[in-house]
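Engineer: Sharing a structure with you now.
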Amino acid sequence: MPNHIFGADMGEGYGIWKLGDEEGLIAHVDMAHIACGFHGADFMIMDEMTELAKSKGILIGAHPSLPDRQGFGRREMAMTPEEFKNCMLYQVGALSAFLKLHGVEMNHIKPHGSAYGMCARDPALAKAVMEVCKLYDVAFVGMAGTEHDKAAKAAGVRFIGEYYADRDYTPEGKLVIGRHSPPRTVPQVREIVTRALTQRKITTTDGSLIPLADMEQICVCVHSDTPDAVSLAIAVRDVVNQVNKSA
């Protein structure tokens, strides 16, 4: 596996409603984080996305959410660690059935939206989701320098640190959940991803630069619901390839 990789959150439509050009996007990524039904996806989409990812030969992970389809998984809710663990387990179990159907292995788990943010802050929730990772013997994709990597290390779960090319970070280094800023252009994405991978610095919402949390391997992420996601993905793919080649 190269030092840096590229992943995307995918399969987040529902029924006849499709979210973004996923066939165009998946052609450029190394990893697909497939939605599991609680914020997006259904049994047909999960099947179709698993088959598509398999055909591209890329790594497949589960992308479970809080039970919040109306809010696209971006609204927080109070949960005990046991509730959080079972919420994640319920969805990962559903995707694992489709992976078994298509004869492919699960590589990782990456929570979606507010579930991601909540377990980045709360050590009990982070520990709970690591129990699911251990059950399936898979890696955890998350945010370095948070409870994500602390809990992964404590549980002996392989951790893959993530950097978002299409989302904002606060000056404190916190990820801004949801789309609250103007969409980024291709040149902007090229610039910030190059800086993140080569200088290990993040551009924040006030324009300042802060250090990217220490991690050997970075997984750059683009969301399928981001405007012009495929064009951004092509740019990210090019930058990741160039940085890996020069390493």
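Engineer: With the structure loaded, tell me whether T203 is without any contact (Cβ under 8 Å) to a residue 60 or more places away in the chain and farther than 14 Å from N3 by Cα or whether it fails that test.
Structural biologist: Spelling it out, T203 is indeed without any contact (Cβ under 8 Å) to a residue 60 or more places away in the chain and farther than 14 Å from N3 by Cα.
Engineer: Since F72 meets every condition but one in (1) modelled with pLDDT of 95 or more; (2) in a loop (DSSP other than H, G, I, E, B); (3) closer than 26 Å to A144 by Cα, which condition does it not meet?
Structural biologist: Failed condition: (1).
Engineer: Okay, next question. Only one of these conditions is not met by A124: (1) of a type in the set (G, A, S); (2) under 21 Å from L175 (Cα atoms); (3) buried (at least 17 other Cβ atoms within 10 Å of the Cβ). Which number is it?
Structural biologist: The one condition A124 does not meet is (3).
Engineer: Here is a follow-up. Taking the conditions exactly as written (at pLDDT 95 or above, surrounded by 15 or more Cβ atoms within 10 Å (Cβ to Cβ) and out of contact with any helix residue (DSSP H, G or I) (no Cβ under 8 Å at 6 or more places or on another chain)), does S65 satisfy them or not?
Structural biologist: The answer is no for S65.
Engineer: Here's something else I'd like to know. Contact list please: Cβ distance under 9 Å, first residue in segment 117-144 and without any contact (Cβ under 8 Å) to a residue 40 or more places away in the chain and farther than 11 Å from P81 by Cα, second residue surrounded by fewer than 23 Cβ atoms within 10 Å (Cβ to Cβ) and hydroxyl-bearing (S, T, Y), pairs at least six apart or on different chains.
Structural biologist: R121/T146
Engineer: Identify, by number, the condition in (1) touching a strand residue (DSSP E or B) at 6+ places or on another chain (Cβ under 8 Å); (2) free of Cβ contacts under 8 Å to residues at least 40 places away in the same chain; (3) of a type in the set (S, T, Y) that S224 doesn't meet.
Structural biologist: Every condition holds for S224 apart from (2).
Engineer: Which of the following residues is polar (S, T, N, Q), over 22 Å from H63 (Cβ atoms) and touching a strand residue (DSSP E or B) at 6+ places or on another chain (Cβ under 6 Å): T194, T204?
Structural biologist: Selected residue: T204, the only one of T194, T204 that is polar (S, T, N, Q), over 22 Å from H63 (Cβ atoms) and touching a strand residue (DSSP E or B) at 6+ places or on another chain (Cβ under 6 Å).
The values are calculated or read from the model by the stated rules, or taken from the named source; none is laboratory data. Since the structure is predicted, the reported quantities are computational estimates derived from the model, not experimental observations. Ideal geometry is used to build each Cβ from the backbone, glycine not excepted, and the neighbour counts take in all protein chains shown.
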